[in-house]
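Working notes for the structure below.
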Amino acid sequence: MPPSPLAEGDGETPLPLDAEALRRWPMPEASQLDKFRRGTVLIVGGHRSTPGAVLLAGVAALRMGAGRLQIATDEDIAAHVAVAAPEAMVVGLPCRHGELELTDEIAGRLGDADSLVVGPGLVGDTPPTRLLGELSELSRPDTLFVIDALAIGAFADLDERHREMLASRVVMTPNRQEVLRIGGCPEDADLPASLRAAAHGSGAVITSFGLVQAPDGRCWRTTEPSSGLGTSGSGDVLAGLVGGAAARCRDPLQAACWATYAHMESGRRVSREVATAGYLARELLDHVPQCLPT
């Protein structure tokens, strides 16, 4: 994991993740770059019952400043997703036995992706391990992976060869139950300890509930949590924010820190306008650009 200019402590106590900290670790200046140099995000996920997940993640990636958006989703909903997200290039994938299958068209586009967000909206009884393995083989060796939802279990099931292929270029966005499973922790374990175990065991950067944990023990926490983020679709927004940041900066830890702050800060701003709880995940999206420190 590369060094960061953020303050670093003892690895036990999370350090503050706020606007001032991020100003010491600036993202590439988006206004001075064209859409190609701002990075391409490819979202892989969705199901006929969950088309909104890839939409939330995709729009979040663009709101984070990524230059281009591509979405690969269930062919049954691809046309609807394309209409709902006119900024995106959308490719339909066959869904057989509950799992998306890659096509030659999307395999040919994987070389364009600077970040891959895998998992939003995937539905099934088993993790999409084969899909994640194929993506790791077909993508560029420098493409960053953001692994979310059902794909988190797939990462845990990958064989050693595929895990090695993804080493040092993965950010995971688990919920509390997924953190416990990744870290092999009991249900009563506290979140920071569970995150340390999960990141160390997986070798991935992990962001969850406003905490960013690096595999080497470094950890940061947003200073103003927003309880309203515990709502349907909020995790899809976070995954998309990480994907957008990763496409811009090409650094998994920086992407996780910036996206986590943007997610939490947008929640705080919406809560001022609506209520502490009860706002919608899609309402976060319009606030994201104003949340990014300059």
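Test Gly124 against the criterion of being part of a loop (DSSP other than H, G, I, E, B) and among the small types (Gly, Ala, Ser), and give yes or no.
yes
Condition first: farther than 15 Å from Ser49 by Cα and acidic (Asp, Glu). Now tell me which residues in region 74-103 satisfy that.
Those that are farther than 15 Å from Ser49 by Cα and acidic (Asp, Glu): Glu87, Glu101.
Do you know which of the residues in region 25-52 that are hydrophobic (A, V, I, L, M, F, W, C) and touching a strand residue (DSSP E or B) at 6+ places or on another chain (Cβ under 9 Å) is surrounded by the most Cβ atoms within 10 Å (Cβ to Cβ)?
Across region 25-52, the extreme among qualifying residues is Ile43.
Working carefully through the options Asp18, Asp34, find the one that is farther than 18 Å from Leu131 by Cβ and free of Cβ contacts under 8 Å to residues at least 40 places away in the same chain.
Testing whether each residue is farther than 18 Å from Leu131 by Cβ and free of Cβ contacts under 8 Å to residues at least 40 places away in the same chain leaves just Asp34.
Tell me which of these Gly119 doesn't satisfy, since it passes every other one: (1) in contact (Cβ under 8 Å) with a residue 40 or more places away in the chain; (2) of a type in the set (Gly, Ala, Ser); (3) surrounded by 15 or more Cβ atoms within 10 Å (Cβ to Cβ); (4) on the phi < 0 side of the Ramachandran plot.
The failed condition is (4).
Just for helices (runs of 4 or more DSSP H) wholly inside region 195-294: which have at least 3 residues that are at pLDDT 95 or above and polar (S, T, N, Q)?
Fully inside region 195-294 and qualifying: 252-273.
How about region 154-193: which of its residues are of a type outside the set (A, V, I, L, M, F, W, C), more than 20 Å from Leu229 (Cα to Cα) and crowded, with 21+ Cβ neighbours inside 10 Å?
Arg169, Gly183
Based on what the data block shows, is Leu62 under 19 Å from Ala247 (Cα atoms), part of a strand (DSSP E or B), among the aliphatic types (A, V, I, L, M) and within 20 Å of the chain's Cα centre (by Cα)?
No; evaluated as a whole, the condition is false for this residue.
Pairs, please: C-beta under 8 Å, at least 6 apart or cross-chain, first residue among the polar types (S, T, N, Q) and in region 234-256, second in a helix (DSSP H, G or I) and buried (at least 24 other Cβ atoms within 10 Å of the Cβ)?
Correct list of pairs: Ser234/His263; Ser234/Gly267; Ser234/Leu284; Gln254/Ala245.
Go through (1) at pLDDT below 95; (2) closer than 16 Å to Arg140 by Cβ for His97 and report which single condition fails.
Against the list (1) at pLDDT below 95; (2) closer than 16 Å to Arg140 by Cβ, His97 comes up short only on (2).
Return the residue satisfying two criteria in turn: it lies in region 63-90 and is among the aliphatic types (A, V, I, L, M) and under 15 Å from Leu238 (Cβ atoms), and of such residues it is surrounded by the fewest Cβ atoms within 10 Å (Cβ to Cβ).
Among those that are among the aliphatic types (A, V, I, L, M) and under 15 Å from Leu238 (Cβ atoms), it is Ala66.
Kindly indicate whether any position in region 198-216 is under 23 Å from Thr129 (Cβ atoms), free of Cβ contacts under 8 Å to residues at least 24 places away in the same chain, touching a Cys at 6+ places or on another chain (Cβ under 8 Å) and not charged (D, E, K, R).
No, that holds for no residue.
Could you list, in sequence order, the residues of region 128-167 that are at pLDDT below 95 and part of a loop (DSSP other than H, G, I, E, B)?
Matches in region 128-167: Ala167 only.
Tell me, which residue of region 175-189 that is among the charged types (D, E, K, R) and either at pLDDT 90 or above or outside any loop (DSSP other than H, G, I, E, B) (or both) is farthest from Ser232 (Cα to Cα)?
Selected residue: Arg181.
Restricting to region 64-91, give me the number of residues that are β-branched (Val, Ile, Thr), farther than 28 Å from Gln290 by Cα and touching a Pro at 6+ places or on another chain (Cβ under 9 Å).
Total meeting the criteria: 2.
The values are calculated or read from the model by the stated rules, or taken from the named source; none is laboratory data. Nothing here was measured: the structure is a model prediction, and the numbers come from that model. Counting neighbours? That spans all protein chains shown, and the Cβs are built from the backbone with ideal geometry, glycine included.
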